[in-house]
Amino acid sequence: MGSAVHDNIKIAIRDVTKLYSNNSHSLIALDAINLEIMDGEFFCLLGPSGCGKSTLLNIMAGFEKPTDGKVLIEGGEIAAPNPRYVTVFQDYGIFPWRTVQENVEFGLEIKGIEVNERKKIAEVFIKMVGLVGFEMRHPIELSGGMKQRVSLARALAVNPEIIFMDEPFGAVDALTRMKLQEELVKIWREENKTIVFVTHDIDEAIYLGDRIAVMSSMPGRIKSLLDVPMNRPRLRTENDFLRIKEKIYLEFFEYADKK
Ligand code: ADP
Ligand code: MG
(Lines give C-alpha, C1' and ligand atoms only; values in the text may rest on other atoms or scores of the structure.)
(Ligands and ions follow the chains in the order given, each with its own letter.)
Protein backbone atom coordinates (compact mmCIF):
# COMPACT_ATOMS: atom_id res chain seq x y z
CA MET A 1 0.00 0.00 0.00
CA GLY A 2 1.22 3.42 -0.93
CA SER A 3 4.56 2.19 -2.12
CA ALA A 4 3.76 1.92 -5.82
CA VAL A 5 4.78 5.47 -6.58
CA HIS A 6 7.94 5.27 -4.52
CA ASP A 7 9.00 2.05 -6.18
CA ASN A 8 9.50 4.13 -9.29
CA ILE A 9 11.92 6.60 -7.83
CA LYS A 10 15.25 6.24 -9.58
CA ILE A 11 17.18 9.12 -8.06
CA ALA A 12 16.41 10.72 -4.72
CA ILE A 13 18.20 13.91 -3.80
CA ARG A 14 17.91 14.51 -0.08
CA ASP A 15 18.85 17.88 1.40
CA VAL A 16 21.88 18.24 -0.81
CA THR A 17 23.96 21.27 0.06
CA LYS A 18 27.26 22.15 -1.54
CA LEU A 19 29.58 24.83 -0.24
CA TYR A 20 32.70 25.96 -2.00
CA SER A 21 35.02 27.80 0.31
CA ASN A 22 38.47 29.24 0.34
CA ASN A 23 40.22 31.35 2.94
CA SER A 24 38.32 34.55 2.30
CA HIS A 25 34.79 33.46 1.53
CA SER A 26 32.42 30.62 0.97
CA LEU A 27 29.76 30.15 -1.64
CA ILE A 28 26.54 28.19 -1.29
CA ALA A 29 26.43 26.51 -4.68
CA LEU A 30 23.48 24.34 -3.65
CA ASP A 31 21.17 25.03 -0.76
CA ALA A 32 19.32 22.00 0.65
CA ILE A 33 18.07 20.59 -2.64
CA ASN A 34 15.37 17.95 -2.56
CA LEU A 35 14.23 16.21 -5.74
CA GLU A 36 12.97 12.85 -6.86
CA ILE A 37 13.54 11.68 -10.39
CA MET A 38 11.47 8.78 -11.61
CA ASP A 39 12.57 5.68 -13.44
CA GLY A 40 12.38 6.28 -17.19
CA GLU A 41 11.80 9.97 -16.76
CA PHE A 42 13.27 12.68 -18.96
CA PHE A 43 14.12 15.25 -16.33
CA CYS A 44 15.50 18.71 -17.09
CA LEU A 45 17.42 21.02 -14.79
CA LEU A 46 16.99 24.54 -16.12
CA GLY A 47 18.62 27.69 -14.85
CA PRO A 48 21.01 30.53 -15.60
CA SER A 49 24.73 30.03 -15.73
CA GLY A 50 26.22 29.64 -12.26
CA CYS A 51 23.05 28.44 -10.50
CA GLY A 52 24.56 25.07 -9.64
CA LYS A 53 23.23 22.79 -12.39
CA SER A 54 26.57 21.15 -13.12
CA THR A 55 27.36 20.86 -9.44
CA LEU A 56 24.09 19.05 -8.82
CA LEU A 57 24.55 16.80 -11.84
CA ASN A 58 28.11 15.98 -10.82
CA ILE A 59 26.94 15.06 -7.35
CA MET A 60 24.25 12.79 -8.82
CA ALA A 61 26.82 11.16 -11.08
CA GLY A 62 29.23 10.63 -8.18
CA PHE A 63 31.95 12.97 -9.46
CA GLU A 64 31.55 15.35 -6.55
CA LYS A 65 30.52 14.94 -2.94
CA PRO A 66 27.85 17.07 -1.30
CA THR A 67 28.85 19.06 1.76
CA ASP A 68 25.64 17.88 3.34
CA GLY A 69 22.81 15.58 2.37
CA LYS A 70 22.91 12.66 -0.03
CA VAL A 71 21.89 11.22 -3.34
CA LEU A 72 20.29 7.80 -3.50
CA ILE A 73 20.06 5.85 -6.71
CA GLU A 74 17.55 3.05 -6.36
CA GLY A 75 17.85 3.50 -2.63
CA GLY A 76 21.63 3.15 -2.50
CA GLU A 77 23.84 6.08 -1.68
CA ILE A 78 26.02 7.15 -4.56
CA ALA A 79 29.62 7.64 -3.54
CA ALA A 80 31.61 7.27 -6.74
CA PRO A 81 31.07 7.14 -10.50
CA ASN A 82 29.48 3.91 -11.59
CA PRO A 83 29.33 2.39 -15.08
CA ARG A 84 25.57 1.93 -14.80
CA TYR A 85 25.30 5.69 -15.18
CA VAL A 86 27.01 7.65 -17.91
CA THR A 87 27.58 11.34 -18.42
CA VAL A 88 27.61 13.29 -21.66
CA PHE A 89 29.28 16.70 -21.52
CA GLN A 90 29.17 19.75 -23.74
CA ASP A 91 32.75 19.30 -24.88
CA TYR A 92 32.01 15.77 -26.17
CA GLY A 93 34.73 14.06 -24.16
CA ILE A 94 35.65 11.85 -27.06
CA PHE A 95 39.21 10.82 -27.83
CA PRO A 96 40.79 12.63 -30.78
CA TRP A 97 43.17 9.76 -31.53
CA ARG A 98 40.37 7.23 -31.86
CA THR A 99 38.06 6.78 -34.82
CA VAL A 100 34.29 7.09 -34.45
CA GLN A 101 34.06 3.32 -34.18
CA GLU A 102 36.84 3.12 -31.59
CA ASN A 103 35.28 5.91 -29.56
CA VAL A 104 31.90 4.20 -29.49
CA GLU A 105 33.59 0.96 -28.46
CA PHE A 106 35.51 2.59 -25.63
CA GLY A 107 33.12 1.81 -22.77
CA LEU A 108 32.69 -1.72 -24.08
CA GLU A 109 36.45 -2.25 -23.97
CA ILE A 110 36.48 -1.10 -20.38
CA LYS A 111 33.73 -3.59 -19.65
CA GLY A 112 35.90 -6.32 -21.19
CA ILE A 113 33.52 -7.17 -24.01
CA GLU A 114 35.26 -9.13 -26.74
CA VAL A 115 36.09 -7.57 -30.07
CA ASN A 116 33.40 -9.06 -32.31
CA GLU A 117 30.63 -8.37 -29.84
CA ARG A 118 31.97 -4.83 -29.44
CA LYS A 119 31.82 -4.24 -33.16
CA LYS A 120 28.25 -5.48 -33.33
CA ILE A 121 27.08 -3.27 -30.47
CA ALA A 122 28.93 -0.24 -31.81
CA GLU A 123 27.28 -0.75 -35.19
CA VAL A 124 23.81 -0.59 -33.65
CA PHE A 125 24.48 2.69 -31.89
CA ILE A 126 26.41 4.29 -34.74
CA LYS A 127 23.34 3.62 -36.83
CA MET A 128 21.03 4.94 -34.12
CA VAL A 129 22.78 8.31 -34.04
CA GLY A 130 23.04 8.55 -37.83
CA LEU A 131 26.79 8.10 -38.29
CA VAL A 132 26.84 5.19 -40.71
CA GLY A 133 29.65 5.80 -43.19
CA PHE A 134 31.74 7.77 -40.68
CA GLU A 135 33.03 4.83 -38.65
CA MET A 136 36.64 5.28 -39.67
CA ARG A 137 36.76 9.07 -39.31
CA HIS A 138 38.58 10.85 -36.51
CA PRO A 139 36.91 13.59 -34.44
CA ILE A 140 38.89 16.34 -36.15
CA GLU A 141 37.08 15.46 -39.39
CA LEU A 142 33.63 15.83 -37.79
CA SER A 143 31.32 18.78 -37.15
CA GLY A 144 30.30 19.68 -33.60
CA GLY A 145 26.94 17.98 -34.05
CA MET A 146 28.59 14.81 -35.28
CA LYS A 147 31.03 14.77 -32.37
CA GLN A 148 28.10 15.02 -30.01
CA ARG A 149 26.47 12.08 -31.81
CA VAL A 150 29.64 10.06 -31.21
CA SER A 151 29.55 11.01 -27.57
CA LEU A 152 25.90 9.96 -27.31
CA ALA A 153 26.51 6.66 -29.13
CA ARG A 154 29.42 5.91 -26.81
CA ALA A 155 27.21 6.59 -23.79
CA LEU A 156 24.34 4.45 -25.09
CA ALA A 157 26.59 1.56 -26.11
CA VAL A 158 27.24 0.50 -22.51
CA ASN A 159 23.50 0.20 -21.93
CA PRO A 160 23.39 2.54 -18.93
CA GLU A 161 20.33 2.94 -16.75
CA ILE A 162 20.79 6.66 -16.40
CA ILE A 163 22.28 9.20 -18.77
CA PHE A 164 23.39 12.46 -17.22
CA MET A 165 23.73 15.19 -19.82
CA ASP A 166 25.35 18.55 -19.08
CA GLU A 167 24.42 21.08 -21.77
CA PRO A 168 25.36 18.52 -24.40
CA PHE A 169 24.07 20.60 -27.31
CA GLY A 170 25.43 23.92 -26.08
CA ALA A 171 28.22 24.06 -28.62
CA VAL A 172 26.28 23.20 -31.77
CA ASP A 173 24.32 25.58 -33.98
CA ALA A 174 20.61 26.12 -33.38
CA LEU A 175 19.32 24.02 -36.28
CA THR A 176 21.61 21.09 -35.54
CA ARG A 177 20.61 21.37 -31.91
CA MET A 178 16.93 20.97 -32.79
CA LYS A 179 17.72 17.93 -34.86
CA LEU A 180 19.73 16.39 -32.03
CA GLN A 181 16.93 17.13 -29.56
CA GLU A 182 14.45 15.39 -31.81
CA GLU A 183 16.69 12.36 -32.14
CA LEU A 184 17.46 12.22 -28.45
CA VAL A 185 13.73 12.07 -27.65
CA LYS A 186 13.30 9.27 -30.18
CA ILE A 187 16.19 7.30 -28.70
CA TRP A 188 14.98 7.90 -25.15
CA ARG A 189 11.54 6.56 -26.04
CA GLU A 190 12.99 3.46 -27.68
CA GLU A 191 15.57 2.73 -25.01
CA ASN A 192 13.65 3.43 -21.79
CA LYS A 193 16.48 5.28 -20.09
CA THR A 194 16.27 7.77 -17.28
CA ILE A 195 17.76 11.02 -18.54
CA VAL A 196 18.80 13.98 -16.41
CA PHE A 197 19.47 16.86 -18.76
CA VAL A 198 21.02 20.18 -17.77
CA THR A 199 20.33 23.24 -19.88
CA HIS A 200 20.00 27.01 -19.69
CA ASP A 201 17.75 27.00 -22.76
CA ILE A 202 14.04 27.28 -21.94
CA ASP A 203 12.86 25.91 -25.30
CA GLU A 204 15.19 22.96 -25.02
CA ALA A 205 13.86 22.08 -21.57
CA ILE A 206 10.23 22.28 -22.69
CA TYR A 207 10.88 20.33 -25.86
CA LEU A 208 12.66 17.53 -23.99
CA GLY A 209 11.44 17.25 -20.44
CA ASP A 210 8.68 15.30 -18.76
CA ARG A 211 9.40 17.63 -15.89
CA ILE A 212 11.56 20.69 -15.45
CA ALA A 213 13.22 21.84 -12.25
CA VAL A 214 13.73 25.57 -12.60
CA MET A 215 16.74 26.69 -10.56
CA SER A 216 17.76 30.05 -9.20
CA SER A 217 21.21 31.11 -8.12
CA MET A 218 23.01 32.55 -5.12
CA PRO A 219 22.27 30.28 -3.41
CA GLY A 220 21.40 27.50 -5.87
CA ARG A 221 17.85 26.40 -5.22
CA ILE A 222 14.95 24.73 -6.96
CA LYS A 223 12.63 27.61 -7.70
CA SER A 224 9.85 25.49 -9.10
CA LEU A 225 9.07 22.10 -10.49
CA LEU A 226 6.96 22.01 -13.66
CA ASP A 227 5.21 19.20 -15.48
CA VAL A 228 5.24 19.33 -19.24
CA PRO A 229 1.96 17.60 -20.02
CA MET A 230 2.44 17.51 -23.79
CA ASN A 231 2.46 14.63 -26.24
CA ARG A 232 5.56 13.90 -28.29
CA PRO A 233 6.91 14.81 -30.71
CA ARG A 234 6.29 18.32 -29.49
CA LEU A 235 5.86 21.42 -31.55
CA ARG A 236 7.55 24.57 -30.38
CA THR A 237 4.73 26.63 -31.86
CA GLU A 238 1.74 24.99 -30.18
CA ASN A 239 -0.22 26.76 -27.47
CA ASP A 240 0.76 24.48 -24.61
CA PHE A 241 4.41 24.96 -25.43
CA LEU A 242 4.10 28.72 -25.48
CA ARG A 243 2.10 28.77 -22.28
CA ILE A 244 4.78 26.87 -20.41
CA LYS A 245 7.44 29.06 -21.96
CA GLU A 246 5.72 32.21 -20.77
CA LYS A 247 5.35 30.77 -17.29
CA ILE A 248 9.07 30.08 -17.09
CA TYR A 249 9.94 33.51 -18.50
CA LEU A 250 7.83 35.11 -15.83
CA GLU A 251 9.70 33.17 -13.18
CA PHE A 252 13.08 34.26 -14.45
CA PHE A 253 12.33 37.82 -15.22
CA GLU A 254 9.49 38.53 -12.85
CA TYR A 255 7.54 40.56 -15.35
CA ALA A 256 4.34 39.35 -13.73
CA ASP A 257 3.81 42.48 -11.68
CA LYS A 258 4.30 44.68 -14.73
CA LYS A 259 1.47 43.12 -16.73
P1 ADP B 1 26.04 25.98 -13.67
O2 ADP B 1 26.37 24.64 -14.16
O3 ADP B 1 24.58 26.16 -13.36
O4 ADP B 1 26.52 27.07 -14.57
P5 ADP B 1 27.96 25.39 -11.57
O6 ADP B 1 27.39 24.22 -10.88
O7 ADP B 1 29.05 25.16 -12.52
O8 ADP B 1 26.76 26.22 -12.26
O9 ADP B 1 28.48 26.43 -10.49
C10 ADP B 1 27.69 26.89 -9.41
C11 ADP B 1 28.47 27.89 -8.61
O12 ADP B 1 29.53 27.22 -7.92
C13 ADP B 1 29.12 28.97 -9.44
O14 ADP B 1 29.09 30.17 -8.71
C15 ADP B 1 30.53 28.47 -9.61
O16 ADP B 1 31.43 29.54 -9.78
C17 ADP B 1 30.79 27.75 -8.31
N18 ADP B 1 31.72 26.62 -8.46
C19 ADP B 1 31.56 25.55 -9.25
N20 ADP B 1 32.58 24.68 -9.11
C21 ADP B 1 33.43 25.24 -8.22
C22 ADP B 1 34.68 24.84 -7.65
N23 ADP B 1 35.25 23.68 -7.96
N24 ADP B 1 35.26 25.68 -6.74
C25 ADP B 1 34.67 26.83 -6.39
N26 ADP B 1 33.50 27.27 -6.88
C27 ADP B 1 32.88 26.49 -7.79
MG1 MG C 1 27.30 24.03 -15.92
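The values are calculated or read from the model by the stated rules, or taken from the named source; none is laboratory data. Predicted, not measured: the structure shown is a model, and the values here were computed from it. Every residue, glycine among them, receives a Cβ derived from its backbone with ideal geometry; neighbour counts consider all protein chains shown. To get the accessible areas, we keep the full protein, side chains included, count just its heavy atoms, and leave off ligands, DNA and RNA. Shrake-Rupley method; radii C 1.70, N 1.55, O 1.52, S 1.80 Å.
Right, Leu35: open to solvent by less than 60 Å² (accessible area, probe 1.4 Å), within 24 Å of Val228 (Cβ to Cβ) and away from ligand 1 (no atom under 13 Å from the Cβ) or not? Yes; evaluated as a whole, the condition is true for this residue.
Test Arg236 against the stated conditions and say whether it is without any contact (Cβ under 8 Å) to a residue 40 or more places away in the chain, under 15 Å from the mean Cα position of the chain (by Cα) and farther than 17 Å from Leu57 by Cα. Judged against the criteria, Arg236 is not a match.
Kindly indicate which of Pro83, Pro66 is out of contact with any His (no Cβ under 6 Å at 6 or more places or on another chain), open to solvent by 10 Å² or more (accessible area, probe 1.4 Å), closer than 30 Å to Ile202 by Cβ and part of a loop (DSSP other than H, G, I, E, B).
Pro66
Somewhere in the stretch 15-28, is a residue touching a His at 6+ places or on another chain (Cβ under 7 Å) and away from ligand 2 (no atom under 16 Å from the Cβ)? No, that holds for no residue. Evaluation of Lys120 against the conditions (1) at pLDDT 95 or above; (2) farther than 24 Å from Arg236 by Cα; (3) open to solvent by less than 40 Å² (accessible area, probe 1.4 Å) shows that the sole unmet condition is (3). Screening Ala171 with (1) more than 16 Å from ligand 1 (Cβ to nearest atom); (2) open to solvent by 40 Å² or more (accessible area, probe 1.4 Å); (3) in contact with a helix residue (DSSP H, G or I) (Cβ under 8 Å, 6 or more places away or on another chain) gives one miss only, at (1). Taking the stretch 229-241 as the range and being surrounded by 14 or more Cβ atoms within 10 Å (Cβ to Cβ) and of a type outside the set (Phe, Trp, Tyr) as the test, the residues that pass are Met230, Arg232, Arg234, Asp240. Scanning the stretch 92-109 for residues that are within 17 Å of Gly145 (Cα to Cα) and surrounded by 14 or more Cβ atoms within 10 Å (Cβ to Cβ) yields a count of 9.
Taking the criterion of being under 11 Å from the mean Cα position of the chain (by Cα) and either within 9 Å of ligand 2 (Cβ to nearest atom) or part of a loop (DSSP other than H, G, I, E, B) (or both), the residues of the stretch 43-57 that qualify are Lys53, Ser54, Leu57.
For the stretch 58-95, the candidate set comprises residues that are in contact with a Pro (Cβ under 7 Å, 6 or more places away or on another chain), among the β-branched types (Val, Ile, Thr) and within 16 Å of ligand 2 (Cβ to nearest atom); within that set, the residue that is nearest to Glu141 (Cα to Cα) is Val88. Against the test of being at pLDDT below 95, of a type outside the set (Phe, Trp, Tyr) and in contact with a strand residue (DSSP E or B) (Cβ under 7 Å, 6 or more places away or on another chain), the options Glu41, Glu109, Glu77, Glu36 yield a single qualifying residue, Glu77. Could you give me the residue pairs with C-beta distances under 8 Å whose first residue belongs to the stretch 163-178 and is farther than 17 Å from Ile206 by Cα, whose second residue is among the charged types (D, E, K, R) and more than 16 Å from ligand 2 (Cβ to nearest atom) wherever it lies, and which are 6+ apart or on separate chains? Here the result reads Ile163/Lys193, each pair linking the stretch 163-178 to a residue that is among the charged types (D, E, K, R) and more than 16 Å from ligand 2 (Cβ to nearest atom).
The one condition from (1) touching a Lys or Arg at 6+ places or on another chain (Cβ under 6 Å); (2) assigned to a strand (DSSP E or B); (3) away from ligand 2 (no atom under 16 Å from the Cβ) that Ile11 does not meet is (1). Output yes when any residue across the stretch 126-148 is closer than 27 Å to Ile73 by Cβ and surrounded by fewer than 21 Cβ atoms within 10 Å (Cβ to Cβ), and no when none is. Yes; the residues of the stretch 126-148 include at least one that is closer than 27 Å to Ile73 by Cβ and surrounded by fewer than 21 Cβ atoms within 10 Å (Cβ to Cβ).
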